[in-house]
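Okay, so here's the structure we're looking at.
The values are calculated or read from the model by the stated rules, or taken from the named source; none is laboratory data. Please read these numbers as outputs of a predicted model, since none were measured by experiment. Backbone-built Cβ (ideal geometry, glycine too); neighbour counts: all protein chains shown. Accessible surface is based on the protein model in full, side chains and every heavy atom, while ligands, DNA and RNA are left aside. Shrake-Rupley method; radii C 1.70, N 1.55, O 1.52, S 1.80 Å.
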Amino acid sequence: MQFPVYFHLGAWAIHPHPVFESLAYMVAFRLALRNFHQDSIATSQRTSILVGGMLGGLIGAKALVLLQHIDLLWSDRTAWALLLFQGKTVVGGLLGAIVGVEITKKYIGVKQSTGDAFVTPLIFGMMIGRVGCFLTGLTDRTYGTVTSLPWGVDFGDGLLRHPTPIYEILFLFVLFLLIKFRSRYKSRSGDMFKFYTIGYLSFRFLVDFIKPEFHPMLGVSAIQIACFLGIGYYYRSFGDFIKLARF
């Protein structure tokens, strides 16, 4: 397999990343609309929450990707500037969206949890998006470190690397199954979103140890620090998370 894996439509060669990124947004949005019809939040309030989450997600995704690659600021300013316009990170988008939603809820007076409706859209959107990351290869910068494991993938530099986008897809699928199974039992509103958030951030904190990223503080990256802070935000929910994990 040669990376990036282009899709050919006649004389056109279509890059995989925008294809799967667009598909991820479409599927996530469609699933979200379906879930919104099942909750008790007024349409006007839900719209405001969506806008707040989108703005927060955009800011968070941009800010964290720049911090993640801050080493480029003094070694390759052109690449760092390119990241400003094209780069983004899922963890930053997720945490930024959470902040944006919470600020919006406080402003419009919504006190109930609104996160459960986003769990399935986020999981499937991320899974589809990571397919695009995998097919893009080295330029996406989501690949893993060199490995001798038999499933290592050569993304184009002649080295067998951990296919970390595939690891994430598999993890998200298992997380989805756990959430679906646990949803059969009684839980409080918002518990499923906490389950998803703590689970995903914990996975990202661990998997980023096998990514060749800049690790400026105690051997961890900016994304891992953000994951740690995000988990800390839900520290009061650790007891609930443990209960949710019991089947």
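Side notes on the structure shown:
- Per DSSP, loop trypsin sites (Lys or Arg not before Pro) in segment 181-231 with at most 13 further Cβ within 10 Å: R184, K186, R188
- Looking at segment 86-150, the accessible area is 45 square angstrom per residue; that uses a 1.4 Å probe and ignores ligands, DNA and RNA.
- Cα-derived Rg to Rh of segment 106-161, Kirkwood definition: 1.28
- Of the residues V174, V27, the one with the largest accessible area comes first in the ranking V174, V27, computed with a 1.4 Å probe on protein heavy atoms.
- Residues whose amide H comes within less than 5 Å of that of D154, counting only those at least five positions distant or on another chain, are R161 (H built at 1.01 Å from N in the peptide plane).
- Values of log10 I(q)/I(0) for segment 1-74 across q = 0.12 Å⁻¹ run -0.61, by the Debye formula with one identical scatterer at each alpha carbon and no solvent.
- Cα gyration tensor shape for segment 156-217, rounded if a/c is under 1.5, else prolate or oblate: oblate
- Both radii come from the Cα set of the chain: Rg as radius of gyration, Rh as Kirkwood radius; their ratio Rg/Rh reads 0.97.
- Structure note, pairs K180/K211; K88/K211; K62/K194; K88/K194: Cα-Cα distances above 21 angstrom occur for K180/K211; K62/K194; K88/K194.
- Estimated purely from DSSP H runs of n ≥ 4, each contributing -39500 (n - 2.57), the mean residue ellipticity at 222 nm for the chain is -21000 deg cm²/dmol once divided by its residues.
- Using a probe of 1.4 Å on the protein chains alone, the accessible area found for L64 is around 20 Å².
- Ranking Y196, Y143, Y235 from most to least accessible surface, computed with a 1.4 Å probe over the protein chains only, gives Y235, Y143, Y196.
- Accessible solvent surface per residue of segment 173-218, calculated while the other protein chains remain in place, 1.4 angstrom probe, Å²: 56
- Protein accessible area in the chain, 1.4 Å probe - carbon and sulfur %: 68
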